[in-house]
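Below: one structure, written as structure tokens.
The values are calculated or read from the model by the stated rules, or taken from the named source; none is laboratory data. Everything numeric in this text was worked out from a predicted model, so none of it was measured. Cβ atoms come from the backbone with ideal geometry, glycine included; neighbour counts cover every protein chain shown.
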Amino acid sequence: MSSTVPVPRRVAVIGGGPAGLMAAEVLAAGGAEVDVFDAMPSVARKFLLAGKGGMNITHSESYADFVARYGARSSEVEAWLAAFTPGDVRAWIHGLGIDTFVGTSGRVFPTDMKAAPLLRAWLHRLRESGVRFHMRHRWLGWDGEALRFATPVGETTLAFDAVVLALGGASWARLGSDGAWVPLLEARRVDVAPLVPANCGFDVDWTPHFSEKHAGAPLTTVAIEYTGRSGERARRQGQFVVTAGGIEGSLVYALSSVLRDQIAAGGETTICLDLAPDHDAARVFAEVTRPRGARSMSSHLQSRLGIKGVKAGLLRECLAQADYLDEETLAASIKALPLTLKRPRPIDEAISSAGGVRFESMDEHGQLRALPTVFVAGEMIDWEAPTGGYLLTACFASGRAAARGVLELLKPQ
């Protein structure tokens with residue numbers, strides 16, 4: 001009695017970032033022949049650069065809180081995360097021989113805080129499992145059902161049983177995420193939401209004097225009051241940095257989604273800065289109006305409230321001279337200094353991007369309804385998340401979901 005050995009199916013993974021590499025791992029473990037293509041000379045360049053300041057892998061908060069970080073697309077992203085939770089991410093990293101720890105903020109890091117050792121261990125595992133890598137292969141679309149690539153030796157056309165696209169969004173184009181895939185999918189009737197900056201800074205029309213004097217200055221104790229999506233007033237404390245043309249940093253990034261959308265709707269938006277978040281309004285008023293003798297107001301504010309440097313500069317920048325000299329107005333402004341944001345910084349400067357392939361254009365595994373053997377994963381899908389490990393975890397989980405969908409599609413009937 002003879003038996004037929006099934007022939008492994010060939011799958012192309014286009015894009016060598018976290019989502020693509022995770023898809024390749026699951027596909028190879030499922031018995032597929034996997035070829036990874038990337039336009040850059042090496043894989044995961046954005047992953048490596050993001051890890052230079054400390055490789056934040058995921059977050060240790062409760063699962064419900066974690067899922068809520070994905071905002072309007074929480075339910076769709078949760079379908080990925082249910083099969084690869086933040087706890088699973090840590091266990092996966094430990095399986096690569098990399099230990100992790102939880103920081104004081106709840107963020108999870110590799111023990112040595114670096115991305116390179118993790119990536120080296122991961123690539124070794126992938127190569128050992130038979131995954132083949134093709135660098136400097138830029139995807140150009142299709143020739144019939146085959147894939148077209150520009151390579152160092154000219155254009156080539158290759159055929160596969162299925163494809164996982166993990167091409168990223170449009171931030172940090174020099175590292176490979178340039179959004180060049182958008183017209184290729186739109187030409188095949190795939191609905192793509194416009195790519196816009198996420199986790200980004202904003203432009204403010206500073207005067208040249210303020211910009212020259214304070215660019216690069218951090219505000220380490222400050223709060224922002226802003227209008228939430230439902231019209232409610234909201235408040236968040238943290239830190240950010242004044243730039244030559246505006247503001248950026250962790251507190252600004254955390255609010256960037258709502259602020260970006262408000263600018264898109266109204267042309268600009270106004271936030272209020274609390275320059276003394278550790279003191280209530282009554283305390284600030286009492287200190288501002290306290291007799292100061294011969295001292296200047298700037299010396300008085302520094303002595304009584306610690307308002308100096310860039311905080312003092314912001315008051316001078318944003319208030320008319322008459323308002324600065326009026327003690328009641330000045331005290332109120334220290335607790336709520338209006339600052340008008342003109343526009344988000346360009347998408348190429350953003351940490352990540354929003355927009356991309358709409359969920360309605362694909363099934364729960366990322367299979368495109370218009371292209372039944374093509375799956376998408378990672379940041380090229382229309383979702384966004386704040387920094388803190390949320391972006392990376394969802395990219396991992398979506399890559400696994402796409403790979404499982406491919407394996408199910410190619411399973412012998």
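Listed values, structure above:
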item	result
Residue within the stretch 125-132 that is modelled with pLDDT under 95, surrounded by fewer than 16 Cβ atoms within 10 Å (Cβ to Cβ) and assigned by TED's automatic domain parsing to the domain that holds Asp99 present	no
Matching residues, the stretch 237-259, being over 17 Å from Gly313 (Cβ atoms), surrounded by 18 or more Cβ atoms within 10 Å (Cβ to Cβ) and touching a Leu at 6+ places or on another chain (Cβ under 9 Å)	Gly238, Leu251, Val252, Leu259
Single match in Met55, Met1 (criterion: over 23 Å from the mean Cα position of the chain (by Cα), at pLDDT below 95 and among the aliphatic types (A, V, I, L, M))	Met1
Output for the stretch 183-221, where each listed residue is free of Cβ contacts under 8 Å to residues at least 60 places away in the same chain, touching a strand residue (DSSP E or B) at 6+ places or on another chain (Cβ under 7 Å) and among the aliphatic types (A, V, I, L, M)	Leu184, Ala215
Breaking point among (1) of a type outside the set (Gly, Ala, Ser); (2) at pLDDT below 95; (3) out of contact with any strand residue (DSSP E or B) (no Cβ under 9 Å at 6 or more places or on another chain); (4) under 26 Å from Arg260 (Cβ atoms), for Asp348	(3)
Some residue of the stretch 58-69 being touching a Gly at 6+ places or on another chain (Cβ under 6 Å) and under 28 Å from Met362 (Cβ atoms)	yes
Qualifying residue in the stretch 139-162 (condition: surrounded by 14 or more Cβ atoms within 10 Å (Cβ to Cβ), touching an Asp or Glu at 6+ places or on another chain (Cβ under 9 Å) and without any contact (Cβ under 8 Å) to a residue 12 or more places away in the chain)	yes
Any hit, the stretch 395-406, residues being assigned by TED's automatic domain parsing to the domain that holds Ala72, touching a Lys or Arg at 6+ places or on another chain (Cβ under 7 Å) and among the aromatic types (Phe, Trp, Tyr)	no
Yes/no for Val252 being touching a Cys at 6+ places or on another chain (Cβ under 9 Å) and either β-branched (Val, Ile, Thr) or assigned to a strand (DSSP E or B) (or both)	yes
Of residues in the stretch 356-376 being out of contact with any Asp or Glu (no Cβ under 6 Å at 6 or more places or on another chain) and surrounded by fewer than 19 Cβ atoms within 10 Å (Cβ to Cβ), the one modelled with the lowest pLDDT	Glu364
Extreme residue, nearest to Gly245 (Cα to Cα), among residues of the stretch 330-371 that are small (Gly, Ala, Ser) and part of a helix (DSSP H, G or I)	Ser333
The stretch 95-117, residues that are touching a His at 6+ places or on another chain (Cβ under 7 Å), part of a loop (DSSP other than H, G, I, E, B) and of a type in the set (A, V, I, L, M)	none
All positions within the stretch 262-294 that are exposed (fewer than 15 other Cβ atoms within 10 Å of the Cβ) and part of a helix (DSSP H, G or I)	Ala264, Ala265, Gly266, Ala281, Ala282, Ala286, Thr289
So Asp112, is it modelled with pLDDT under 95 and of a type in the set (Asp, Glu)	yes
Count - residues of the stretch 22-55 that are farther than 30 Å from Asp161 by Cβ and surrounded by 23 or more Cβ atoms within 10 Å (Cβ to Cβ)	1
Hits in the stretch 49-60 (condition: assigned to a loop (DSSP other than H, G, I, E, B), touching a Pro at 6+ places or on another chain (Cβ under 8 Å) and either within 21 Å of Leu175 (Cβ to Cβ) or not small (Gly, Ala, Ser) (or both))	Met55, Ile57
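A quick yes/no check of all residues on (1) touching a residue at least 12 places away in the same chain (Cβ under 8 Å); (2) in contact with a helix residue (DSSP H, G or I) (Cβ under 6 Å, 6 or more places away or on another chain):
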position	(1), (2)
Gln262	yes, no
Glu268	yes, no
Ile271	yes, no
Ala276	yes, yes
Ala281	yes, yes
Glu287	yes, yes
Gly293	no, no
Ser299	no, no
